[in-house]
Amino acid sequence: MTAFPMPVPTLELAFSMAVTLGPPIEQGDRMWRPAQTAITAAARYAIAAKASEVQVTGFRSQIRMSDGKDFVEKDSVAENRAKDVEVALRTLGVPDSTRIKVSWRQAPVRADGIQADIQGRKVSILVMP
C-alpha cells in the first residue's frame, strides 16, 4: 500500500470575517462576548497566516423605534468600534509587522425596523495573508 502525504493547507484566498456586534454591542467597557470570540479568531488567523494586512471597518446603524421614528447612532460610534477592534487585535498579539488599516463608514446602515437595524451595528475584519 502506497502512503500518500497529507496535503498541506495553503492560504491562497483572503479570509473575511464580518463581526456583527449586535445589541448589546458594548457592556460598559467590555465588548459583547460573541464579538470577543470572533475578534480572537481573526487575530489567531492573522498571526498564524503571518498576515500582511488586516482591514477593520466600523459601521453605525439607524434604528427604527416603536413610535416609527428613526434613531441614528452618534457619528463617532463607527470610528470608536473600528478603533476598539484595532486595539483588541494588537492586544491579542497581532504583530506590528502586520498593517492594520482602520476605516469607518459615516453613513448609517438604513433602518428597516427589523434586521437591518441590528446588522448595521458591526465591525468587518478582513485578514489578508
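Every number in this text was worked out from the coordinates using simple rules, so none of it is lab data. None of these values were measured; they are calculated from a predicted model.
Things worth noting here:
- Available extension along the chain between residue 33 and residue 75 is 12.7 nm, counting 0.36 nm per residue and deducting the alpha carbon span.
- Straight-line reach from residue 50: taking Cα to Cα under 22 Å and skipping same-chain neighbours fewer than 8 places apart, the lysines in range are 83, 101.
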